[in-house]
Amino acid sequence: MSRAKSNPQIVLRPQDVVVLLRLSLQQDMAPTYATLAGELKLTASEIHAGVERAVTAQLARKDASGRPVVLLEPLRLFVQYGLRYCFPATRGELTRGVPTSYAAPPMRALIVQPNETEPVWPHKLGSVRGAAFYPLYPTAPEAALANPALYELLVLADAVRGGSPRERALAIAELDKRWAT
């Protein structure tokens, strides 16, 4: 009787998307894994493993010095067509948190939802009461609060993950503005 071999398939993790979004902000010179770990509230080994998975998934490559470089067009396609299926929005009860999706910039200027409770990442430093919209990774709100540009990218990703077709289209258009090469 033969034993089944384990599945060697590489699987992206939600924190990998957070790492890729952060790296997409700095295409010229990627920060060190230790710097990214501090910014994203992850360990350097989690950053390294995430970059390796992103390279395997062809969402990033390594330059001659071994630093990661995000491949923006594949990342854009993944966000547009795969993100909401791989990492669907998970919602919860009313809570205090940090606004996301259509309730935060830049989406807030594009969408008005007067009859809905705003989506928020549950977080102790949050100032808004709204419906829980769990972030891609638990440390994402802290990283977003420290980096406004990353916050906007995470908000746009959440609009894709959990928004209506119109919200998704507006979020992709906003990503296109930021990732224009």
Self-check item: Mean separation of Cα contacts under 8 Å (6+ apart) over length of segment 14-84, as relative contact order %
Solution: 30
Quiz prompt | Value of D in µm² per second that Stokes-Einstein yields for the chain, Kirkwood Rh from Cα pairs, at 37 °C (0.692 mPa s) | solution = 195
Exercise. Rounded to the nearest 0.05, what FRET efficiency do GLU93 and SER164 give with R0 = 22 Å and r taken as the Cβ-Cβ distance? Could you check?
Key: 0.55
Quiz item: Cα axis of helix 44-56 to longest principal axis of the chain: angle in degrees, 0 to 90, nearest 10?
Solution: 80
Quiz item: Over segment 89-179, what number does the Rg to Rh ratio reach, with both radii from the alpha-carbon atoms and Rh per Kirkwood?
Solution: 0.93
Exercise. Filter the trypsin sites (Lys or Arg not before Pro) in segment 5-88 to those in DSSP coil with at most 12 other Cβ atoms within 10 Å of their Cβ, and list the result.
Key: LYS5
Quiz item: If you keep only loop residues by DSSP, which trypsin sites (Lys or Arg not before Pro) in segment 85-181 have at most 10 other Cβ atoms within 10 Å of their Cβ?
Solution: LYS124
Practice problem: Pairs of Cα atoms under 8 Å, at least six residues apart: use those to get the relative contact order of the chain, whole percent. | Solution: 22
Quiz item: Quick one: helix 148-162 against the long Cα principal axis of the chain, what's the angle to the nearest 10°, folded into 0 to 90?
Solution: 80
Self-check item: Using alpha-carbon coordinates, inclination of helix 14-24 to the longest axis of the chain, degrees
Solution: 90
Quiz item: Okay, which of segment 17-45 sit inside 12 Å, backbone N to the point 7 Å along the Cα-Cβ direction of ASP63?
Solution: 26-32
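Any read-out appearing in this document is the output of simple, stated calculations on the displayed coordinates, not a laboratory observation. All values reported here derive from a predicted model rather than from experimental measurement. For neighbour counting, all protein chains shown are included, and Cβ atoms are generated from backbone atoms with ideal geometry for every residue, glycine included.
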